[in-house]
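Presented below is the structure to which this report refers.
The values are calculated or read from the model by the stated rules, or taken from the named source; none is laboratory data. Being a predicted model, the structure only gives us computed values, none of them experimental. With ideal geometry, Cβ positions are generated from the backbone for all residues, glycine too; neighbour counts draw on all protein chains shown. Just so you know, the surface numbers come from the protein's heavy atoms only, side chains and all, with ligands and any DNA or RNA stripped out. Shrake-Rupley method; radii C 1.70, N 1.55, O 1.52, S 1.80 Å.
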Amino acid sequence: MLELSILGFLAEEPLHGYELKERITALSGHVRPVSDGALYPAITRLVTAGKLDQHTAEGAGAAPRRMLSLTERGREDLLERLRHPRQAEITDQVRFNTVLAFLRHLPDPAEQAAVLRRRLEFLNTPASFFYRDGQPVRAEQTDDLFRQGMLRVARATGEAERGWLGEAVAHLDGLSPGGCAEPPATAR
């Protein structure tokens, strides 16, 4: 997820490490803050692999800054990661949001739609935070006020996400050869 974020933000524009860290933190939120101890080794791995280029630029103050930019190899890696997200990047909401943040970089609407279909398929699989006798427990099946609240909020969130995913897939299908480019109603 961290490397995907680095590649994705640098596909948009060159950044220095601090700016990159701020953008990644804003994307992942307080749930998964990025530390210098994770960010800079990841940057070093990507530079060593030829996926990032770095150079020194004048800083806003007296100190020069290490600027990072995406190489062609890095762009290819980003596109491959977006075409074929790992299962955890489909099933985990924060990781999926990271994929969504950069999915526009995939040039083919059919490939974009394929990623959204994987998430939709996951969301359509019956699941719960709680199980009884191997079966998912629904909000109506528990007397625990707090678990019922968790389940009701999760249901509402899932319904909203499934609705948006369906609209987005239909829109992307319309952009494919022979389709209609009419945007989804919610995007107007």
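Counting only protein heavy atoms and a probe of 1.4 Å, the accessible surface of segment 1-106 is 51% carbon and sulfur. Annotation: amide H-H contacts under 5 Å for L52 (H modelled 1.01 Å from N, sequence separation of 5 or more, or interchain): V47, T71. Across segment 41-138, C-alpha contacts under 8 Å between residues 6 or more apart give a mean separation that, scaled by the residue count, equals a relative contact order of 16 percent. Phi angles across segment 145-156 convert, under the Karplus curve 6.51 cos²θ - 1.76 cosθ + 1.60 with θ = phi - 60°, into 3J(HN,Hα) values of 3, 6, 5, 4, x, 4, 5, 5, 5, 4, 4, 5 Hz, Gly and Pro given as x.
Residue by residue, segment 87-96 carries 3J(HN,Hα) couplings of 4, 5, 7, 9, 8, 8, 4, 5, 5, 5 Hz when phi is fed to the Karplus relation 6.51 cos²θ - 1.76 cosθ + 1.60 (θ = phi - 60°); x denotes Gly or Pro.
Inter-part distance, segment 81-113 to segment 3-72, computed on C-alpha centroids, equals 20 Å. A convex hull fitted around the alpha carbon atoms of segment 79-133 yields 72 Å³ per residue. Here the chain is treated with +1 on each Lys and Arg Cβ and -1 on each Asp and Glu Cβ, and its dipole about the Cα centre works out to around 300 debye. Computed over all pairs of different Cα atoms, the Kirkwood value for the hydrodynamic radius of the chain is 18.9 Å. For Cα pairs less than 8 Å apart in space and 6+ apart in sequence, what is the mean separation divided by the residue count of the chain, i.e. the relative contact order in percent? That works out to 17 percent. Scalar couplings 3J(HN,Hα) for segment 66-81, obtained by applying the Karplus form with A = 6.51, B = -1.76, C = 1.60 to θ = phi - 60°, are 8, 8, 10, 9, 7, 8, 4, 4, x, 5, 4, 5, 4, 4, 5, 5 Hz; x denotes Gly and Pro. The solvent-accessible area of D92, taken with every protein chain present and a 1.4 Å probe, is close to 40 Å². Simple rule: put +1 on each Lys or Arg Cβ and -1 on each Asp or Glu Cβ in the chain, find the dipole, and look at G158, A113, L78; the Cα lying farthest toward the positive end is G158. Using only the Cα atoms of segment 1-98, build the gyration tensor, take square roots of its eigenvalues as a ≥ b ≥ c, and label the shape rounded, prolate or oblate: rounded if a/c is under 1.5, else prolate if a/b is larger than b/c, else oblate. It comes out oblate by the Cα gyration axes. Near H16, the amide H atoms lying under 5 Å from its own belong to L68; only residues 5 or more places off or on other chains count, and H is placed 1.01 Å from N.
If the chain linking Q87 and A156 were pulled fully straight, counting 0.36 nm for each residue of separation and taking away their Cα-Cα distance, it would gain 22.5 nm.
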